[in-house]
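**Q** Sharing a structure, written as structure tokens. Questions coming.
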Amino acid sequence: MNMEQNWQTYRSTLNDNVAVFSANLSLFEQFPNTKLTHVVQFSLPYETDDASGLPNEDEYQNLLTHTFKALTQLSALPDTIYAGNIMSAGKSKLYFYTHDTEALLTVLSQIEQVDDVEIQQDADWDLYFDFLLPSPLEMKMNATEEILEMLAQNNRTLSDVYLVEHRFHFEDKEHLQIFIEKMRLNDNVPFNVIKYTDEPVAVNDEEMMFMVKLEQEITLDTQDIFKFVEQFERLAIQCSGEYIGWECDELFSEKQLN
């Protein structure tokens, strides 16, 4: 079953191991689907030579070739779509939603090195929505990595002190005030100033929100920025708000987490 594919790739952890997730975002257009009620998963092995459990460049090319051959055969099946894959601990696990599990298993039996074959009923696509797709925190963590890489590529020194601005949205002023009070009592998160709006402001064409901006002066050569992102995400949720992300001084004033 051929369909346009749009991929989201991100790093996370799985069973305490580094994992690279790839999810096919085009599946949103296919849901719900009364035919695609089962998910079949299987793994393809690869060699790894370091503690990360991920393939080196040469082995990754070998894995891509093996994966492409499997996808070519499986994607030709009717009512079968490729949902995504996970690379971790020497295995690449692939996930397909299908109507005819027997036909898919027949094709799999003809592919070399296939292992860990599992079938489960998943009419609501829970595996896709709750497992393969990145959480808001995972998206912000990966966007943080991208910003640091962009800074390094532009010959910026991460050990310099940067002005970092974090943004938050709240539906009502009560929860905004609770958030600000929690921040002022939090000794683990240094900041220079907190600014906020007294009235709701338009954040898009439909929503009106109270906005908070929190400024920090920090270096970006440690894990601190990742810790702050995680803390702000959780604290915003606790206060019924949303952590939008951060911007890094005038060089990347338009580079913002989503």
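The values are calculated or read from the model by the stated rules, or taken from the named source; none is laboratory data. If you're wondering where the values come from, they're calculated on a predicted model, not measured in any experiment. Note: ideal-geometry Cβ built from the backbone for every residue, glycine included; neighbour counts use all protein chains shown.
**Q** Looking only at segment 161-184, count how many residues are farther than 18 Å from SER240 by Cα and hydrophobic (A, V, I, L, M, F, W, C).
**A** Qualifying residue count, segment 161-184: 3.
**Q** Is it true that some residue in segment 103-116 is of a type in the set (A, V, I, L, M, F, W, C), in contact with a Leu (Cβ under 6 Å, 6 or more places away or on another chain) and loosely packed, with under 15 Cβ neighbours inside 10 Å?
**A** No, segment 103-116 contains no residue that is of a type in the set (A, V, I, L, M, F, W, C), in contact with a Leu (Cβ under 6 Å, 6 or more places away or on another chain) and loosely packed, with under 15 Cβ neighbours inside 10 Å.
**Q** If I filter segment 29-48 for residues that are within 15 Å of the chain's Cα centre (by Cα) and either assigned to a loop (DSSP other than H, G, I, E, B) or surrounded by fewer than 16 Cβ atoms within 10 Å (Cβ to Cβ) (or both), do I get at least one hit?
**A** Taking segment 29-48 first, the residues within 15 Å of the chain's Cα centre (by Cα) are none.
No - not one qualifying residue is present in segment 29-48.
**Q** Considering only residues that are at pLDDT 95 or above, of a type outside the set (Ser, Thr, Tyr) and part of a loop (DSSP other than H, G, I, E, B), which ones fall in segment 224-258?
**A** Hit for segment 224-258 is CYS239, nothing else.
**Q** Considering only segment 74-96, I want to know if a residue exists there that is surrounded by 12 or more Cβ atoms within 10 Å (Cβ to Cβ) and part of a helix (DSSP H, G or I). Steps first, answer last, please.
**A** So the first thing to find is which residues in segment 74-96 are surrounded by 12 or more Cβ atoms within 10 Å (Cβ to Cβ), and the list is 74-75, 77, 79-96.
Those still in the list that are part of a helix (DSSP H, G or I) too: 74.
For segment 74-96, residues surrounded by 12 or more Cβ atoms within 10 Å (Cβ to Cβ) and part of a helix (DSSP H, G or I): present.
**Q** Looking at segment 100-140, which of its residues are outside any helix (DSSP H, G or I), within 23 Å of the chain's Cα centre (by Cα) and not small (Gly, Ala, Ser)?
**A** Scanning segment 100-140 gives ASP122, ASP124, TRP125, LEU133, PRO134.
**Q** While we're looking at this one, here's another question. Determine which single condition SER159 fails, assuming it passes every other condition in (1) out of contact with any strand residue (DSSP E or B) (no Cβ under 7 Å at 6 or more places or on another chain); (2) polar (S, T, N, Q); (3) in a loop (DSSP other than H, G, I, E, B).
**A** Every condition holds for SER159 apart from (1).
**Q** Further, regarding this structure: Is there any pair linking a residue in segment 116-144 that is outside the structural domain of PHE28 (by TED's automatic domain parsing) and polar (S, T, N, Q) to one that is assigned to a helix (DSSP H, G or I) and surrounded by 13 or more Cβ atoms within 10 Å (Cβ to Cβ), with Cβ under 7 Å and at least six apart or on different chains, and which?
**A** Close Cβ pairs (under 7 Å, with a partner that is assigned to a helix (DSSP H, G or I) and surrounded by 13 or more Cβ atoms within 10 Å (Cβ to Cβ)) amount to THR144/ILE225; THR144/PHE226; THR144/VAL229.
**Q** What about ASN85, is it outside the structural domain of SER26 (by TED's automatic domain parsing) and touching a Lys or Arg at 6+ places or on another chain (Cβ under 7 Å)? Give the derivation first.
**A** Values: outside the structural domain of SER26 (by TED's automatic domain parsing): no; touching a Lys or Arg at 6+ places or on another chain (Cβ under 7 Å): yes.
Spelling it out, it is not the case that ASN85 is outside the structural domain of SER26 (by TED's automatic domain parsing) and touching a Lys or Arg at 6+ places or on another chain (Cβ under 7 Å).
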